[in-house]
Amino acid sequence: MIPISYRIRVIGLHAKTRYHLWIIWIVVEVPEARFVTSYSFEVGEDFACKLDLKDPLAGFRQRFYVPEGAVYLDGNSLGLLSRASESAVLRALNDWKRLGIRGWLEASNPWFYLAEDLGAKCAALVGARPDEVVATGSTTVNIHSLVNTFYRPVANRKKILGDELNFPTDTYALRSAVKLRGLDPEENLILASSKDGRFLDEADVVGLMNGDVALVFLPSVLYRSGQLLDMEYLSEEAHSRRILIGFDCSHSVGVVQHHLDKWEVDFAVWCSYKYLNGGPGSTAFLYVNKKHFEHEPSLAGWFGYVKDKQFDMALGFEHAKSAGGWQISSPNILSLAALEGSLEIIHEAGIEAIRKKSLKLTSYLMYLVDETLSESPYNFSVGAPRESERRGGHVALEHEEGTRISEALRSRNVIPDFRPPNIIRVAPTPLYNTYHEIWKLTNHLRDIIDRKDYSKYAKERKRIS
Ligand SMILES: Cc1ncc(COP(=O)(O)O)c(C=O)c1O
């Protein structure tokens, strides 16, 4: 059955009162995900194997290093190393060995242009122009840089609107942006609240977009529940109130399609160590909509200088009129090299195919949990949105013994992660996970409860979970 999940928006209203003539434009929008939401699954192991046999992306798994014997379901924390990334890093090391400083212009992929080059490759994944994306910095630093660039508090418009479910670093950065302007975050940072601690209602967020809000900054996907926010709707509502809007797309780039230009998002940031498989602490990305290219970056640095004139070493700052203008420091070439390899694979697979498999994997997981683990004594529940168009790449499984069950899973070499208070996050990555692994996960969960295996572990959470 095709779900009746669409949005009706009045996009134009024309009133010619003299002749009592009203024209209303109404658009009925059916989201992209609608064709992939009707599945018919079965609970048996053989059915999982059949799904794998029919999987058009199955061949990509062998191009990754999946840790020996592991069921690795943590790709939304740290994606795995691909052979392509490994070769690209070795090539960069070799360039450094052969060329020394000459590598900036003579390496196989000259280092001087690499950040822009990878930005252009990533732009294709997020629906942006090649010059609107650059690989640079880290997620949090990029939030500081872009929020401080676009947050322009004036007399009656001083507030930043965020949300209470965002990843903490984002909120720390927003708070410090308010303080940097000499303003009080208690008054000037508003956090949209959630009714149930899991999800945000976009209409509630829009309800807070008042005339005193200067900037909105939100996540694309909530890091705990996996809810995918309607970025187009939020952007449109923000702009209709003359408010700028940015997103942290760390949990969606590489697993969900984006249309940042079409949605007219003002700016965005995302990390590359999750679904982009760039490696631990790898260089992040930022997006600046072309309409803001003239705007001077708040955190200026020499790598943001107009490229052709950077080595003139002038003291006055002239920023590149592209996302590249928001670079601050020398690019980390070894980290960018890993991304060269991993982006290549994502493009080869195609983001549409990746999203399609991701939705099928997460739907299958929710199906197995509902069918086999939801009742006593198992008592797992799904804390992720059921509708495909509202779900990112992972599923939150809730259980009151979530911490200890995660530990029990890890001791069996099944690797999800845990987020307080009770969430086991499972992120099947379409490029290297299989349906059979999802089946195995649910089988382990059943066995852990049957044997009360979790009771061997301390209730306290480990430092990194
Ligand atoms: C949504 C989100 N933003 C930011 C970060 C972390 O930022 P950074 O890359 O600066 O450590 C994470 C880390 O998992 C995240 O999930």
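Just so it is clear, none of the values below were taken in a lab; they were calculated from the coordinates. Computed from a prediction, not measured in an experiment: that's the story for all the values here. Ideal geometry is used to build each Cβ from the backbone, glycine not excepted, and the neighbour counts take in all protein chains shown.
Annotations
- Among the trypsin sites (Lys or Arg not before Pro) in the stretch 373-465, those placed in a DSSP loop whose Cβ has at most 10 other Cβ atoms within 10 Å are Lys459, Arg463.
- Charges were assigned to the Cβ only: +1 to each Lys and Arg, -1 to each Asp and Glu. The resulting dipole of the stretch 254-332 about its Cα centre is roughly 240 debye.
- Two-site label geometry, Ala203 and Leu183: point separation in nm, points 7 Å out along Cα→Cβ: 2.8 nm
- Ranking Ser388, Thr372, Leu431 by how far each Cα lies toward the positive end of the dipole of the stretch 347-457 (charges on Cβ) leaves Leu431 at the top.
- Between the amide H of Arg391 and those of Leu228, distances stay under 5 Å, these residues lying 5 or more places away or on another chain, with hydrogens modeled in the peptide plane.
- Rh by Kirkwood over Cα pairs, then Stokes-Einstein D for the stretch 385-465 at 1.002 mPa s and 20 °C, µm²/s: 161 µm²/s
- Surrounding net charge for Ala320, when Lys and Arg each add one and Asp and Glu each subtract one, Cβ distance under 13 Å: -3
- For Leu244, the residues 5 or more places off, or on other chains, whose built amide H falls under 5 Å of its own are Val216.
- Taking amide H atoms as placed 1.01 Å from N in the peptide plane, the amide H of Ala320 lies under 5 Å from those of Tyr305, Val306, Gly325, each 5 or more residues away in sequence or on another chain.
- Mean projection of the Cα convex hull over all viewing directions, computed for the chain: 26.4 nm².
- Signed unit charges on C-beta, dipole axis of the chain, positive-most listed residue Gly304, Phe267, Phe247: Gly304
- Cross-link partners of Lys309 among lysines (Cα-Cα below 28 Å; sequence separation of 8 or more within a chain): Lys97, Lys121, Lys290, Lys291, Lys321
- For the stretch 377-425, dividing the convex hull volume of the Cα atoms by the residue count gives 80 Å³ per residue.
- Evaluated with a Cβ-only charge set (Lys, Arg +1; Asp, Glu -1), the chain carries a dipole of roughly 320 debye about its Cα centre, given to the nearest 20.
- Between Phe47 and Arg241, the modelled label-to-label distance comes to 4.5 nm, taking each label 7 Å out from Cα in the direction of the beta carbon.
- Dipole magnitude of the stretch 121-193, debye to nearest 20 (Cβ charges: Lys/Arg +1, Asp/Glu -1, about Cα centre): 260 debye
- Extension reserve of the Tyr113-Glu460 stretch, reckoned as 0.36 nm per residue once the Cα distance is removed: 120.2 nm
- Ordering Phe217, Ala177, Leu234 by the projection of their Cα atoms onto the charge dipole of the stretch 171-235, which places +1 on the Cβ of Lys and Arg and -1 on the Cβ of Asp and Glu, puts Ala177 at the extreme positive end.
- A prolate overall shape is assigned to the stretch 174-333, the ratio a/c of its alpha-carbon gyration tensor axes (a ≥ b ≥ c) being 1.5 or greater and a/b exceeding b/c.
- Euclidean distance of C-alpha centroids, the stretch 224-293 and the stretch 164-214, integer Å: 17 Å
- Three-way shape call for the stretch 277-390 based on the alpha-carbon gyration tensor, with the a/c threshold at 1.5: prolate
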